[in-house]
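Here's the structure, in structure tokens; my notes come after.
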Amino acid sequence: MTSRIKKLREQSINAINRLSAERALLLTEFYQSSHALGLSAPVLRAKAFEYILMHKSLYIGEDELIVGERGPEPKATPTYPEICIHSLNDLEILRTRKKVSFIVDEETLKIYAEKIIPFWTGRSNRERIMKAMSDEWINAYSSGIFTEFQEQRAPGHTVCGDKIYKKGMLDFIEEIDTEIARLDYINDPEAYNKEEQLKAMKITAGALIHFAQRYAEKLEYLSTTENNAKRKSELQKMAAICKKVPAYAPETLHEALQYYWFVHLGVILELNPWDSFNPGRLDQHLFPFYKNDLEKGILTKEEAIELLEAFWIKFNNHPAPPKVGVTAQESNTYTDFCLINLGGLKDDGSDAVNEMSYILLDVIEEMRLLQPGSMIQVSKKNPDSFINRAIRIIKTGFGQPSVFNSDAIIQELMIQGKDLIDARKGGASGCVETGAFGTEAYFLTGYLNLPKILEITLNNGIDPLKGKQIGLTTGDANNFTSYAELLNAFRLQINYFINIKIEGNNKIESIFSHYLPVPFLSILIEDCIKKGKNYVSGGARYNTSYIQGVGMGTVTDSLASIKWHVFDKKDISMKMLLDALKADFEGYGQLRYELLYNTPKYGNDNDEADNRLTEVFDLFYHAVNGKPNTRGGHHRINLLPTTCHVYFGSITGASADGRKARVPLSEGISPVQGADINGPTAVIKSAAKIDHLKTGGTLLNQKFTPDFFNDDEAINKLTRLIRSYFRLDGHHIQFNVVSAETLRDAKKHPEKYRDLIVRVAGYSDYFNDLGEDLQDEIIRRTEHSSL
Amino acid sequence: MKGIVFDIKRFAVHDGPGIRTTVFLKGCPLSCYWCHNPESIDKKPVQTERKVKVESEFFTYTEQVGNIMYVDEVIDIVKRDKIFYEESGGGVTFSGGEPLIQPAFLKQLLKACWHEGIHTALDTCGYTQQEILEEIMHFTDLFLFDLKHIDSHKHKQSTGVPNEIIIKNLKYLLQMKKRIHIRIPVIPWFNFNENDMIEMMKLLQSLPGNIEKIDLLPYHTLGNNKYKRFGMTNYMEGVTALSKEDVSLIFHIFKNAGFNVSIGG
């Protein structure tokens, strides 16, 4: 690590997360000005974007190589009042909460009280959404049956493909002009809408070029006052780069990185899309530039690494925009889920691992930063040495990179109807979500609390924690005479809630389409320009809406308990079980012991339990899969929790697997914490019993203590374990490598562990930033692994 | 055919090459004072009371150590991880106790694995009749052969049996060109000294055939708990585990003599 990188990295780690009212203020100024009058929604949004980029403050850090910040300085995080207004109370919560807090200074509070809140009240998208939702939706949402992704952030969930490395914004403007010239007002009833969309895209492309010019000018100015000759020439070089990209296609590694970074800022300043934005297959995109630079003799490997590390730090400067309420609980982290993909396959289906893949692994290891996240795509065609190299980083215990099955991802995409080449260009983003990079708008819409739906089923449609009827009346569970009857009632309830959710999703998609189009993002994703359609309105080549199932382990084990004890062995009556759940097992110690210790559990390669898993999977899959969204695409499922299993647990009563009320649910498709007692091969066999290829991503967490990785042979065995799981079509596996002792000490002395990063679920986070319940859960699962 | 199995461990990574399932058969003709599976020595099933804490309440249950299992039942479990064996060059390892103490059962198990195309390893102390080895040899791909001490008297003192038969059997297997890994437990007060190890090395050098690998297994304390649980006398109480560094001198004795040697399995 060069001293420059060391300094920038330190600065980034130590920078304090604060809220910046700059963007909100500029946006409000614009909306209140006469320039905002009489515009179509896309042009209004484009002009607002232009206004922000024209007036926002610039930041050039000392010795920086890649420039541009979303806020006025690193970790100064803007707000998006057009999406969701933070009330003064919300700001107070953000300021004072112990975890994932943001500094909110007096001035910001004042601006919010005097300008932002008064103007945006009644105009925010969150208010539109909540007004449009049915009572059934509100009831289910309030009971914690599902969450809603789009209430505080915009639909994003997309990844940049390779087009920006081949074309500049001026090329895109040319393409847009061509499409405008081609519009046929006589025969195409959509022509006007298309023209407005295309005009908006053009404005935003120009705005980004102008933004880069502002940086170029500032860099030039700084170079005139710089005394250090080396830095002076660096500043001149950077100014030249900012004049060239993003207007023109990049030609060098430095240009490619700076170009992507401007694009990244554009996307996250336009709105606050989920999962930020993501360069995706970075080793594939950058390798040609690197190779070319080396051949021309204008770059050394060391210089390349320094540039890449400078690029890495930029991601770390950008925490996720602040979330409050349920949305904060489902994803309570500074992480904004950029997930760099390495490896996988080329367009022609051959092994894509290249020198840049290994260089980036070195960068990941050396940087050890929270953001960006990283993963390796492993195809049967990729070499073992690539996995072994990644495991050497995994074993250091900061939860990166995670490991994905390229061959499964490609099949998942193709089953959803994508072209083979588009599928090969894809990967995983966010936590584990499958996507066709550069061509797909795949919105995550919300988590679904499967154990809660079982709880409602067992209570004939009533949420016992609220004492309110929110589901269907599918009958008193005491009268069920067979397991099949229970399963059918459960099926009806799942279908009922899924339909409510999908109805809501389709309304929300329409609301975004009407009010908050994203012309800038539309430039980046194929085929928005060609179709003259916005990213949020079906402009992308592929349009998918996901519902994410949570608590698979918990619901599986609960069903296994009921079938085993109530219907098969008949040693516990339904009434007794329901009474015990109602009492949260108070006075039912022996019964709880039976449920915990004498019941088949998922994760042990035991069909008695694992068959319940596939039953739930099928119910969930059939309830969701193939239902249309508003964008010409379909609803699909995936199985991942982020931190939602903790929130969902906290509003779910005791469950039949022996779990106490309000305790976290199981995460992803991992077994219930502590229930898997036959080791990782059994867990893998169990997890592979569901058909991963029917999903858009599953998340399996495996825990290892550091001593497992002591020798090369063990690392090789882990590689073989991964290969086996992937042969069984497993989608993703990740490893947490920390001892419980370390974690307990970290909980006691957080000050000593400021840099301790652990794998949570689909992403890594600072241990100190996790809520106490999540900390305890991670300690529990780590303890279990060391037995 | 039935036998007594006291544990089946999947994802065993220290009992031979690759990812393996280790099947532990109960009963052992030796009684090594450092044994880390003391409950395996007696051939009969043993029952112990175990306690689990749920919240603040304790629940007791009876754990049976040693279950009578049919060959098919064992093979059914072993077969489940076939994909992992194939991917990793692993297989099944029969260990104990001493698996050769149940020769007919063991033979059926080995044969069944052999028919399934599963690689078989046998972790043995070598204290058995040659006829038994002849019976099972054909179905055993790899022997993990324990060698504990060169001095027969000391061997008998600490393990309960002399070592002549063991060494004879080792020679026999080597002559039969079987694949062999020698496993040497390194135990304080017993063989944790250079002289004994040099003698052991000399013996191994003098043997016919090819010793593929030597595994040094430094004494560890993971078995201590079991002595407590089963109310048995633990002669190693308070003795600390040996580290990799502790056995490095011994490691080099074998290494310098040209053996492929590693620490741990």
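The values are calculated or read from the model by the stated rules, or taken from the named source; none is laboratory data. These numbers were taken from a predicted model, which means no experiment stands behind them. Note that each Cβ is placed from the backbone with ideal geometry, even for glycine, and that neighbours are counted across all protein chains shown.
For the reader, a short list of remarks on this structure follows.
- Considering residues of region A:594-610 that are assigned to a helix (DSSP H, G or I) and farther than 21 Å from A:Glu455 by Cβ only, the residue farthest from the other protein chains (Cβ to nearest Cβ): A:Glu608
- Residue list for region A:339-368, restricted to those being part of a loop (DSSP other than H, G, I, E, B), surrounded by fewer than 23 Cβ atoms within 10 Å (Cβ to Cβ) and of a type outside the set (S, T, N, Q): A:Lys346, A:Asp347, A:Asp348, A:Gly349, A:Arg368
- Test: B:Val92 is at pLDDT 90 or above, assigned to a strand (DSSP E or B), within 14 Å of another protein chain (Cβ to nearest Cβ) and touching a Cys at 6+ places or on another chain (Cβ under 9 Å): yes
- Residue check, A:Gly297 more than 28 Å from the chain's Cα centre (by Cα) and either surrounded by fewer than 24 Cβ atoms within 10 Å (Cβ to Cβ) or not hydroxyl-bearing (Ser, Thr, Tyr) (or both): yes
- Of all the criteria given as (1) touching a strand residue (DSSP E or B) at 6+ places or on another chain (Cβ under 8 Å); (2) on the phi < 0 side of the Ramachandran plot, the one not satisfied by A:His157 is (2).
- Elements of type helices (runs of 4 or more DSSP H) contained in region A:491-582, each with 2 or more residues being more than 25 Å from A:Phe620 (Cβ to Cβ): A:519-524, A:528-531, A:574-582
- Among (1) more than 23 Å from B:Pro29 (Cβ to Cβ); (2) of a type in the set (A, V, I, L, M); (3) surrounded by 13 or more Cβ atoms within 10 Å (Cβ to Cβ), the one test that B:Leu249 misses: (3)
- Residues within region B:28-70 that are among the β-branched types (Val, Ile, Thr), away from chain A (no Cβ under 14 Å) and surrounded by fewer than 18 Cβ atoms within 10 Å (Cβ to Cβ), tallied: 3
- Matching residues, region A:322-351, being in contact with a Ser or Thr (Cβ under 8 Å, 6 or more places away or on another chain) and over 26 Å from A:Thr642 (Cα atoms): A:Leu345, A:Asp351
- A:Phe704 passes every criterion in (1) surrounded by fewer than 24 Cβ atoms within 10 Å (Cβ to Cβ); (2) more than 14 Å from chain B (Cβ to nearest Cβ); (3) closer than 13 Å to A:Thr396 by Cα apart from (2).
- Once region A:417-441 is narrowed to residues that are within 25 Å of A:Gly399 (Cα to Cα) and of a type in the set (Ser, Thr, Tyr), the residue that is surrounded by the fewest Cβ atoms within 10 Å (Cβ to Cβ) is A:Ser429.
- Residues satisfying the stated conditions in region B:72-89, i.e. of a type outside the set (D, E, K, R) and either surrounded by 18 or more Cβ atoms within 10 Å (Cβ to Cβ) or part of a helix (DSSP H, G or I) (or both): B:Val74, B:Ile75, B:Ile77, B:Val78, B:Ile83, B:Phe84, B:Tyr85, B:Ser88
- Count - residues of region A:707-734 that are within 14 Å of chain B (Cβ to nearest Cβ) and either within 24 Å of the chain's Cα centre (by Cα) or not hydrophobic (A, V, I, L, M, F, W, C) (or both): 18
- Selection within region A:175-198 - among the basic types (Lys, Arg) and surrounded by fewer than 17 Cβ atoms within 10 Å (Cβ to Cβ): A:Arg182
- Qualifying residue in region B:122-129 (condition: within 14 Å of chain A (Cβ to nearest Cβ), assigned to a loop (DSSP other than H, G, I, E, B) and crowded, with 21+ Cβ neighbours inside 10 Å): no
- For first residues located in region A:674-686 and under 20 Å from A:Glu777 (Cα atoms) and more than 9 Å from chain B (Cβ to nearest Cβ), partners that are buried (at least 21 other Cβ atoms within 10 Å of the Cβ) and among the β-branched types (Val, Ile, Thr) and lie 6+ apart or on another chain with Cβ distances below 9 Å form the pairs A:Asp676/A:Val683.
- The test for being within 14 Å of chain A (Cβ to nearest Cβ) and at pLDDT 95 or above holds for B:Lys82.
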